[in-house]
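These notes concern the structure reproduced below.
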Ligand SMILES: [Zn+2]
């Protein structure tokens, strides 16, 4: 194998509202990309990559391309699965297991949904206002001045700083009740079933040749967690997917998968749990010898941005 290109997708819809917290690729763009990729690459399926890393398969095509989809979104059943079926391609779908086990919405998506519903300015003011009043966290507004462009290249300055504060800086014991409280005021508890794949949809896709992977149980930043929390995120989420699908090998993808997230403690637990491979969000094409636990991916949104 000379090149392994792994595409990473999130939201795929028929259309996106402008100025909302939710961005992604349209189904039409995805289909165009698949046709385009097919001209230069040979699509491989999840089984090919799993067999390659478990040693059952010696070689991959010289220019191999694998499609991956993060977050277990309803979009993937509605828009992605029909396209993959049409082109007879299989992909890996990385699930957040709390979403279909407990019917809960992960904090990361509560933030997206709230931004979409309230608009960014109202959401920001609500979050920072509550932080100050209820959690005596006074530096929130000041934090918006910090430079977070490293973490969020495509967001404007204020949004990048807000995302960094919420995703990386605020302790979870403040973040989760803070966002949860605002979310519960704005959304019905049935939203999880509308927003994420249900068990039935997961099984239908699994039967149709798609492969489910783990994207942890709750989508937190793994390097911020202690040992028993990591067990829940990494070991338990794998067991839930094994039990649901009956599959033996479950691939893994790191939430917020930059190198600072997968420290040696995280990587050794991934290995110990016998995940065959793990995917990051480090941008790049994999060439030569690949470390199965730090596979690079390309976010096609980046490619579109570069062309703009
Ligand atoms: Zn994710």
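Could you tell me which residue of segment 40-84 is farthest from the chain's Cα centre (by Cα), considering only residues that are in a strand (DSSP E or B) and within 16 Å of the ligand (Cβ to nearest atom)?
That would be 67.
Report whether or not residue 279 is within 16 Å of the ligand (Cβ to nearest atom), farther than 21 Å from residue 43 by Cβ and touching a strand residue (DSSP E or B) at 6+ places or on another chain (Cβ under 8 Å).
When the stated conditions are applied, residue 279 does not pass them.
Taking interchain pairs and intrachain pairs at least six residues apart, which have beta carbon atoms under 9 angstrom, with the first residue in segment 82-102 and under 17 Å from residue 243 (Cβ atoms) and the second away from the ligand (no atom under 16 Å from the Cβ) and not in a helix (DSSP H, G or I)?
93/210; 93/211; 100/198
Looking at segment 18-39 only, could you name the residues that are under 30 Å from residue 118 (Cα atoms) and either in contact with a helix residue (DSSP H, G or I) (Cβ under 7 Å, 6 or more places away or on another chain) or within 16 Å of the ligand (Cβ to nearest atom) (or both)?
20, 21, 22, 23, 24, 25, 27, 30, listed by residue number.
Going through segment 214-227 one residue at a time, which ones are more than 12 Å from the ligand (Cβ to nearest atom) and surrounded by 23 or more Cβ atoms within 10 Å (Cβ to Cβ)?
Selection gives 217 alone.
Quick check on residue 77: is it modelled with pLDDT of 95 or more, crowded, with 21+ Cβ neighbours inside 10 Å and touching a helix residue (DSSP H, G or I) at 6+ places or on another chain (Cβ under 6 Å)?
no
Tell me which of these residue 230 doesn't satisfy, since it passes every other one: (1) over 16 Å from residue 92 (Cβ atoms); (2) within 16 Å of the ligand (Cβ to nearest atom); (3) in contact with a helix residue (DSSP H, G or I) (Cβ under 6 Å, 6 or more places away or on another chain); (4) not in a loop (DSSP other than H, G, I, E, B).
The single condition residue 230 does not satisfy is (2).
Taking the residues in segment 85-114 that are away from the ligand (no atom under 14 Å from the Cβ) and crowded, with 22+ Cβ neighbours inside 10 Å as candidates, determine which candidate is nearest to residue 166 (Cα to Cα).
For segment 85-114, the residue satisfying everything is 114.
The values are calculated or read from the model by the stated rules, or taken from the named source; none is laboratory data. Because the structure is predicted, anything quoted here is derived from the model rather than measured. Cβ atoms come from the backbone with ideal geometry, glycine included; neighbour counts cover every protein chain shown.
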